[in-house]
Each structure stands twice: as structure tokens, then as C-alpha cells.
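Trainee: The following block contains the structure, expressed as C-alpha cells.
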Amino acid sequence: MLELERNRIFGSSVLMGDYPRVSLAHLPTPLDELPRLSGALDGPRLFVKRDDQTGLATGGNKTRMLEFLVAEALQEGADVLVAYGAVQSNHVRQTAAAAAKLGLRAHCVLDGEQPSRWTGNLLLCKLLGAEIHWAGKRDRAEAIQAVVERSRSRGRCPYVIAYDQPRAAIGYVAAMEELVDQLAKRNLEIDRIVVASGGGGTQAGLIVGATALGIGGRIEGISTVFDKMVLEAKLEEMVSRTVAFLGFGASVSREDLVIHDDYLESRDGVVDPLVREAILLAAQAEGLLVDPVYSGKAMTGLIDLVRRGVFSHHESVLFWHTGGAPTLFAYAEELSR
Ligand SMILES: *Cc1c(COP(=O)(O)O)cnc(C)c1O
């Protein structure tokens, strides 16, 4: 762990004071206990940080990041937010909602062709008034460029939302600060955090935040997209870029980058039986909705790590919910069987 100048950076949210931020999220998000899930697993004490309740048109982890990205967009005079992703992208939907809330236009560039059914996040994007563009056979960069150029040619000022940057990750540095504050107020301690890790920005922010605040403990990333080696490299890069962005002048040790890549089976659009079980268990034990792509894989990881005894009974484990429930509707047929 690092020796950091804690007061300069974190004393009463100095960190956040230094970066332009637009208020979009309902914060702090709830910190709840999961006693029935813990009982069902005969496991450790379990908590959940409800970032599925950040409030931006069904919430999710991108809302915290958008607070900083959109602030930069507004500083640059942007009047159009451009977001890109998969058909059922949560972040594209949150961007569409942020744009609506702030009176900006949203252009959403989605992979592939328009599907036959408007459901889940795709439906929400449409309801939120976003203009949707299908990338078709073009690669993403090309499709985004076309949208940006057309928007400029109409006298607009587009800003492309990208999460693989420190300005996004600091949303989760701030989130860790928020959690530590909540834990202190309730006199609770957490030994481990389990979180879905896609591109790694969320986990990187949490790691940097935890390190800066001088709290030990492990942040277990459950990979949702990439193999361990690939995600580890991304995480390492994002951690060091975020540390540099914040001006810490220090680095995080490699052993703090914990990744599990054993729960990737659902990636081809089919729900893995273990993920399905996790979705049902979370829903039926706690009324908690997790999705097949992200948070359900993280829940699968949590359950498996408890069952394998990796988490001991004496520990307190926090599941950091990153959202994603609208995606459930895109799997309605498969999940209702
Ligand atoms: C985007 C997303 C993630 C992954 O976040 P990263 O910062 O890319 O790791 C996890 N869960 C949900 C629901 C998401 O939409």
C-alpha cells in the first residue's frame, strides 16, 4: 500500500472540488445488508452497494462517470453527446438520459443492424429521445466519425463519451470515498468488495480510491468480457493513468489488482446456467435484480467464491451492484423458460 498525502487529496472531498462535475446521480446510493442471501449460502456477512440505484433512467455505474465526462463536454460547449456500444448497452442508455436531463441531444451509435424487437435498453434509448445510428458492417470508430462529422456539418458541437479514461474512473474514486463515509457512519467494516469489471474503469477507480484512503482489503473484479491477462493489463494501465491524473505521484501494487475470469460463459448472448442461478437467487432471496451480462456474472462470482470457501465466515463482503437490469428484458424468452 502507498503512503499518500491523504489530506491534500481527500480532506472533506477536496478531490471532488477540483474537478468539474455535473450532478446527475442520486447520491449516496444505499448500502444495504443481504441477510437472506448470506443465509442461503451459509456464507459470510454480505452487503450491497446499490449503484443500480444511481437514478439516471434506471441507474447503473456509468452515471457516476458521466457526472465528470458531461462536465467536460459542457465546458467545451458541446450540445450533442455521442455514445456508442452494443445494442443493449447500459451506458448508451444512461448517456441518452443525461442528455435529456440537461437539454442536450444524444446520438447513439450501436453495433450491427436494428433488431426486430425494441426492448430493454434499446427501447429506453428511443423513449429518451436519442437518435439511433446502426453501425452495420462498419467498425465502431468509422461509424462514430460519420455521426460526429454530420453533426458538425450541421453547426452542432458533439462530444464523444468514452469511459476508458481517468476522467471517467474518478467517478469511482469518489464512490469509494462515499462508501468509506457510509461505513464510518454506521460503524461497519468491509473486508472484500466484489464488482463486475468490463473495461476496468470502475474497478480501477475503486482501487485508486481505496489506496488513497489508506484502507486495505481486496477489490475482487469479476471479469465480464476479457480474459484475466487482458483485463489485468487494462486495469493496470487505467490505475496508473488515474493515479497520474489525480497527481498522487505514486503507484498501486500489482497484487491489489485482483481479477477472476471464471464466469465468462454468457458472453455469446446465451445465459450460462450458473449465471441464471445467480440471477434467480439474488431475485428470490433479496428482491435484487442482476443482469446476465454484467452484475449477474459478478453475483455468480460472489456465490462461487463463497461456496468454494475463498471468503471465510468471519469476513464481511460487499457486492458493488453496477446495474444492468434493463438487459433482463432482452433475455425474456430464455430466462422465463
Ligand atoms: C459498463 C458496465 C460495467 C463495467 O464497467 P467497467 O467500468 O467498464 O468495468 C459493469 N456493470 C454494468 C451494468 C455496466 O453497464
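Trainee: Would you please name the residue that is farthest from the ligand (Cβ to nearest atom), looking only at residues in region 311-337 that are among the aliphatic types (A, V, I, L, M) and surrounded by 13 or more Cβ atoms within 10 Å (Cβ to Cβ)?
Mentor: VAL317
Trainee: Taking GLU265, is it open to solvent by 30 Å² or more (accessible area, probe 1.4 Å), within 16 Å of the ligand (Cβ to nearest atom) and under 20 Å from the mean Cα position of the chain (by Cα)?
Mentor: Values: open to solvent by 30 Å² or more (accessible area, probe 1.4 Å): yes; within 16 Å of the ligand (Cβ to nearest atom): no; under 20 Å from the mean Cα position of the chain (by Cα): yes.
No, not satisfied.
Trainee: Under 19 Å from the mean Cα position of the chain (by Cα), more than 16 Å from the ligand (Cβ to nearest atom) and open to solvent by less than 40 Å² (accessible area, probe 1.4 Å): does that describe VAL258?
Mentor: Numbers: under 19 Å from the mean Cα position of the chain (by Cα): yes; more than 16 Å from the ligand (Cβ to nearest atom): no; open to solvent by less than 40 Å² (accessible area, probe 1.4 Å): yes.
No, not satisfied.
Trainee: Just to be sure I understand, how many residues within region 146-155 are open to solvent by less than 90 Å² (accessible area, probe 1.4 Å) and closer than 12 Å to HIS107 by Cβ? Outline the logic, then answer.
Mentor: Our first condition is that a residue be open to solvent by less than 90 Å² (accessible area, probe 1.4 Å); within region 146-155, this holds for 146-148, 151, 155.
Of the ones still in play, those that are also closer than 12 Å to HIS107 by Cβ are 146-148, 151.
Qualifying residue count for the region: 4.
Trainee: Of the residues ALA168, ALA233, ALA210, which is at pLDDT below 95, assigned to a helix (DSSP H, G or I) and within 16 Å of the ligand (Cβ to nearest atom)? Write out each step before concluding.
Mentor: Numbers: ALA168 fails: at pLDDT below 95; ALA233 fails: at pLDDT below 95.
Of the residues listed, the single one that is at pLDDT below 95, assigned to a helix (DSSP H, G or I) and within 16 Å of the ligand (Cβ to nearest atom) is ALA210.
Trainee: Give the residues of region 53-87 that are open to solvent by 10 Å² or more (accessible area, probe 1.4 Å), in contact with a Ser or Thr (Cβ under 7 Å, 6 or more places away or on another chain) and not in a loop (DSSP other than H, G, I, E, B), sorted by residue number.
Mentor: GLN53
Trainee: Could I ask something else about it? Those residues that are touching a Pro at 6+ places or on another chain (Cβ under 6 Å), more than 12 Å from the ligand (Cβ to nearest atom) and at pLDDT 95 or above, I need them from region 54-86; list them, please.
Mentor: VAL80, VAL82
Trainee: Among the residues of region 178-192, is any among the small types (Gly, Ala, Ser), within 16 Å of the ligand (Cβ to nearest atom) and surrounded by fewer than 24 Cβ atoms within 10 Å (Cβ to Cβ)? Give the derivation first.
Mentor: Of all residues in region 178-192, those among the small types (Gly, Ala, Ser) come to 184.
Then drop every residue that is not within 16 Å of the ligand (Cβ to nearest atom), which leaves none.
There is no residue in region 178-192 that is among the small types (Gly, Ala, Ser), within 16 Å of the ligand (Cβ to nearest atom) and surrounded by fewer than 24 Cβ atoms within 10 Å (Cβ to Cβ).
Trainee: Hey, GLN203 hits all of (1) free of Cβ contacts under 8 Å to residues at least 60 places away in the same chain; (2) open to solvent by 10 Å² or more (accessible area, probe 1.4 Å); (3) closer than 23 Å to SER312 by Cβ but one; which does it fall short on?
Mentor: So the condition that GLN203 fails would be (2).
Trainee: Scan region 15-44 residue by residue and report those that are part of a helix (DSSP H, G or I), surrounded by 14 or more Cβ atoms within 10 Å (Cβ to Cβ) and at pLDDT below 90.
Mentor: LEU15, MET16
The values are calculated or read from the model by the stated rules, or taken from the named source; none is laboratory data. Bear in mind that the values here come from a model prediction, so they are computed numbers and not experimental data. For neighbour counting, all protein chains shown are included, and Cβ atoms are generated from backbone atoms with ideal geometry for every residue, glycine included. Calculation scope for accessible area: heavy atoms of the full protein, side chains included, ligands and nucleic acids excluded. Shrake-Rupley method; radii C 1.70, N 1.55, O 1.52, S 1.80 Å.
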